[in-house]
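First the structure, in the form of structure tokens, and then the observations on it.
Nothing in this text is a laboratory measurement; each read-out follows from the coordinates by a stated rule. Fair warning: this is a prediction, and the values are worked out from it, not measured in the lab. Cβ sites come from the backbone with ideal geometry, for glycine too, and all protein chains shown count toward neighbours.
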Amino acid sequence: MRILAFETTCDETSAAVLEGRVLRSNAVFSQIKLHRKYSGVVPELASRAHLEKIPFVLKGALGAAGRPTPLRPGAFDAVAFSRGPGLPGALMVGRVAAETAAELCGVPLIGVNHLEGHLLACEFAGGRVSKPLRFPLLALIVSGGHTELWHARGYGDYKVLGRTRDDAAGEAFDKVAKLLGLPYPGGPSVEKEAARAKGQGPVFPRPYMEGTREFSFSGLKTAVSYYLAGRLGQDFYKRGLRLPPGERAQVCRSFQDAVAETLVRKAADAARSLGLTRIAVGGGVSANKALRAAFGKLDGFEVRFSEKDYCSDNAAMVALCALRRLEAGKFANSLKVSPELDRPGWR
Ligand code: KG4
Ligand code: ZN
């Protein structure tokens with residue numbers, strides 16, 4: 001079974017080849033440099049960059065797959081792409097590329113849910129699909145656009161328990177980094193700064209949203225902004241005023257701790273209430289070491305993360321979702337893809 005997959009939901013253009021359980025290639029072009037000066041992803045620029053890069057990324061993935069894998073009947077058994085959620089213009093590029101490849105190869109086209117990709121990315125180890133998830137489990141998806149808790153009962157069988165009401169966890173990292181004058185993407189910048197922190201810093205609130213499975217990170221971002229306004233003046237951002245490096249590192253660590261504690265507590269509460277002992281964490285924010293350490297301290301749970309290479313957006317995880325669908329025989333053998341972008345399940 002050989003699958004060709006595309007990923008273009010946000011600011012990574014990626015194509016991958018999965019052959020059986022072996023990941024033959026996973027070519028990723030990151031647009032970070034393009035968006036850095038705006039401190040966030042500019043959708044129109046992202047779409048254009050996907051359009052420009054996708055032929056080269058595809059060529060790279062086919063070349064790195066180890067042998068010439070031209071797009072012809074017999075080369076692939078299925079073509080997959082992230083159908084959403086994501087930026088509309090960006091999604092279109094991956095979809096058209098996948099439709100074209102599927103048509104050329106005469107094989108099924110499988111549109112997968114990007115967030116399911118982040119969950120299944122936990123199954124990769126050493127370039128192979130060698131650590132299958134064990135269900136049922138509690139899934140926590142933490143990315144730049146989403147923060148969600150799912151009751152995952154099997155492949156494709158996901159019940160969304162709660163989402164964020166406002167900012168996603170990654171978005172909060174990105175916005176706080178911007179307030180502090182740190183480069184985009186904010187997650188890795190804040191993590192790096194936090195690692196330098198010494199001494200007691202400010203304490204920010206934990207937005208637990210008691211009694212719900214939902215999240216809310218915009219208040220935490222506002223708490224950081226009030227702290228900065230208190231220290232530097234109301235118009236600190238406009239005037240380009242910044243904290244001294246030592247204090248900035250403390251703010252980063254305090255913010256990161258607040259996010260990590262909130263995510264761990266909410267995931268653990270949800271898992272306990274459902275009698276689940278397994279937790280799997282996916283998405284860009286799951287690369288964060290403080291978050292991994294906080295989950296590591298949790299007693300009574302087996303917690304899975306994906307390898308660092310597969311935390312951020314990539315087409316390997318998209319190919320893997322398609323593999324699970326093919327194995328279950330649950331895919332439409334046609335060019336029609338489901339418009340229900342918000343529903344991750346396919347059972
Ligand atoms: O999953 P992802 O690559 O793209 C989306 O689907 O959104 O996630 C990107 C997000 C960004 O907000 C980025 O700041 C955050 O993940 N991120 C991190 C880290 N690495 C990336 N957040 C915290 N710590 C990190 N090390
Ligand atoms: Zn993502």
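Label reach from R165 (point 7 Å along Cα→C-beta): in region 201-225, amide nitrogens under 20 Å belong to 204-225.
What the Cβ-Cβ distance of R134 and T212 gives, at R0 = 22 Å and to the nearest 0.05, is a FRET efficiency of 0.20.
If each residue of separation counts as 0.36 nm, what is the full-extension length gain between D235 and T222 once their alpha-carbon separation is subtracted? If you can, show how the numbers build up before the last one.
Working: separation 13, 0.36 × 13 = 4.68 nm, distance 1.42 nm.
Answer, rounded to one decimal: 3.3 nm.
Count Lys and Arg as plus one, Asp and Glu as minus one, and take only other residues whose Cβ is under 13 Å from that of D174; the net charge is then 0. Inter-label distance, A332 to Q200: 6.0 nm, where each label sits 7 Å from its Cα along the C-beta direction. Once you reduce region 157-176 and region 229-279 to the center of their Cα atoms, the two points are 14 Å from each other.
Site pair R21 and V42 shows an inter-label distance of 4.6 nm when each label is modelled 7 Å from Cα along Cα→Cβ. Lysine pair count for region 137-306 with Cα-Cα distance under 26 Å and sequence separation of 8 or more or different chains is 27. Each Lys and Arg Cβ is given +1 and each Asp and Glu Cβ -1; about its Cα centre, region 137-306 then shows a dipole of about 320 debye. In order along region 101-114, the Karplus-derived 3J(HN,Hα) couplings, from 6.51 cos²θ - 1.76 cosθ + 1.60 at θ = phi - 60°, round to 4, 5, 5, 4, 7, x, 10, x, 9, 10, x, 10, 7, 4 Hz, and Gly and Pro are given as x. Among L133, L274, L18, the largest mean-square fluctuation in a Gaussian network model of the chain (Cα springs under 10 Å) belongs to L274. For L23, the amide hydrogen comes within under 5 Å of the amide hydrogens of R128, V129, counting only partners 5 or more places away or on other chains and with H modelled in the peptide plane. Size descriptors for the chain: radius of gyration and Dmax over Cα atoms are 20.4, 65 Å.
Within a straight-line Cα-Cα reach of under 24 Å, K53 can be paired with the following lysines, leaving aside sequence neighbours fewer than 8 residues apart in one chain: K33, K37, K308.
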